[in-house]
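The block underneath contains the structure these notes are about, expressed in structure tokens.
What follows is calculated from the coordinates using simple rules that are stated; it is not laboratory data. All values reported here derive from a predicted model rather than from experimental measurement. Please note: Cβ atoms are built from the backbone with ideal geometry, for glycine as well, and neighbour counts cover all protein chains shown.
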Amino acid sequence: MININTKVLVKENYSAVNKEFINYLSENRIEEVYICGFDADACVLKTAFDLFERNIKVYILQDYCMSSGGEEYHNAAIKVLKRSIGDKFII
């Protein structure tokens, strides 16, 4: 059986990573996060890096991300993420 935790958190900066989010992950023993969202080249990228730097396994759902700058910016962000956190974490 898969245990799915859901919670809505308010994001006020580029990154979704804040004290409340980290506490939620810790309290619920969540060891991996799947990210989708708007502006892969800004918010998604920053959130992924912040999680990666905290040794939290992060996966980017590339087909569920986009960029207001268009496909070129989306693709650039995915390329940077593949290089920085690894191909296997971009799904």
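For this structure, a couple of remarks:
- Answer from SER68, SER15 - the residue that is of a type in the set (Ser, Thr, Tyr), part of a loop (DSSP other than H, G, I, E, B), touching a residue at least 24 places away in the same chain (Cβ under 8 Å) and in contact with a strand residue (DSSP E or B) (Cβ under 9 Å, 6 or more places away or on another chain): SER68
- Apart from one condition, THR47 fits all of (1) among the β-branched types (Val, Ile, Thr); (2) over 13 Å from the mean Cα position of the chain (by Cα); (3) assigned to a helix (DSSP H, G or I); the exception is (2).
- Restricting attention to region 49-65 and to residues that are in contact with a helix residue (DSSP H, G or I) (Cβ under 6 Å, 6 or more places away or on another chain) and either touching a residue at least 60 places away in the same chain (Cβ under 8 Å) or among the hydrophobic types (A, V, I, L, M, F, W, C) (or both), the residue that is farthest from LYS19 (Cα to Cα) turns out to be CYS65.
- Residue, surrounded by the fewest Cβ atoms within 10 Å (Cβ to Cβ), within region 1-21, restricted to residues that are closer than 25 Å to ILE78 by Cβ and aliphatic (A, V, I, L, M): LEU9
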